[in-house]
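Undergrad: The structure is given below, and queries will be raised subsequently.
The values are calculated or read from the model by the stated rules, or taken from the named source; none is laboratory data. All values reported here derive from a predicted model rather than from experimental measurement. Reconstructed Cβ throughout: ideal geometry from the backbone, glycine too, with neighbour counts over all protein chains shown.
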């Protein structure tokens, strides 16, 4: 089953806390058992790889109930139910969510503070930008099933999806020679050719067998990766004939490694041919191309960096 959103975890977390002081790690384990999660679901990590998705959502369920006064922190990593939390359980609620928490003045004050902080998001970047970003995500999360962490990641995905479309649109406006050079620059940025700046070059206009670029993987050029780059409109896919011709060009160059890059997509027959051919050919479509350019900083620049910081529990250890 899918891991429930953080609001759906509030009631189970509060019930576990009603039995007495509990540790956050134990609560996550017991929730996983109650929910019947598989080992794979229990191990599902956040993109950062530092926390499981279940633990993160449980953490935010606990944190919001803490703001509403339903639970209280007792010591490092432990929390317990409050009298208010016990009183809420006496009515046998079928669900506790943010609408429930809005009944309590402390939670409303917390939300108002988050909204006030996010209202200044149009100001110039400053040391408080991260706090405003987190506050905006918190305010958004309270109105949805997303945790603030998930709201931030969703916002980043939206920004990158828009950027990816803009990248492809701009590439389609450039010359074939510029595109060939951009593809070579991307492969170098990804680490092909090592650290040598002269390891890659566009060769499309040299008439080198229809190949558009080459990456020397060693200093003597004994091992090479050849590149084919096609600026096609999104509705003009690359088919098997183009890939077959590319494989033939690789053979003529006595090479067995190639990367075929397009701004559009590849047909099923093109993918099937790559599986059958003895050459090692990698296909990169427009969606993957834009994603790689963003990841490796080719054709894009960093406009703003936001650091999201969290409590360092180790700092507060009392030896």
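Undergrad: Here are the criteria: (1) in a loop (DSSP other than H, G, I, E, B); (2) surrounded by 14 or more Cβ atoms within 10 Å (Cβ to Cβ). Tell me which single one residue 235 does not satisfy.
TA: It fails just one condition, (2).
Undergrad: Pull up the range 252-283, narrow it to residues that are touching a helix residue (DSSP H, G or I) at 6+ places or on another chain (Cβ under 6 Å) and over 29 Å from residue 166 (Cβ atoms), then point me to the one that is surrounded by the most Cβ atoms within 10 Å (Cβ to Cβ).
TA: Checking each candidate, the answer is 273.
Undergrad: Are any residues in the range 169-181 surrounded by fewer than 19 Cβ atoms within 10 Å (Cβ to Cβ) and under 19 Å from residue 212 (Cα atoms), and if so, which ones?
TA: 172, 173, 174, 175, 176, 177, 178
Undergrad: Please specify each residue of the range 72-112 satisfying the condition of being assigned to a helix (DSSP H, G or I), touching a helix residue (DSSP H, G or I) at 6+ places or on another chain (Cβ under 7 Å) and closer than 13 Å to residue 13 by Cα.
TA: 85, 89
Undergrad: Next question. Does the range 85-97 include one or more residues that are surrounded by 15 or more Cβ atoms within 10 Å (Cβ to Cβ), over 30 Å from residue 287 (Cβ atoms), under 30 Å from the mean Cα position of the chain (by Cα) and modelled with pLDDT of 90 or more?
TA: Within the range 85-97, one or more residues are surrounded by 15 or more Cβ atoms within 10 Å (Cβ to Cβ), over 30 Å from residue 287 (Cβ atoms), under 30 Å from the mean Cα position of the chain (by Cα) and modelled with pLDDT of 90 or more.
Undergrad: In the range 1-42, which residues are loosely packed, with under 12 Cβ neighbours inside 10 Å and over 21 Å from residue 79 (Cβ atoms)?
TA: Once the filter is applied, which keeps residues that are loosely packed, with under 12 Cβ neighbours inside 10 Å and over 21 Å from residue 79 (Cβ atoms), the range 1-42 yields 1, 2, 36, 38, 39, 40.
Undergrad: How many of the residues making up the range 43-71 are surrounded by fewer than 20 Cβ atoms within 10 Å (Cβ to Cβ) and part of a loop (DSSP other than H, G, I, E, B)?
TA: Selection size over the range 43-71: 9.
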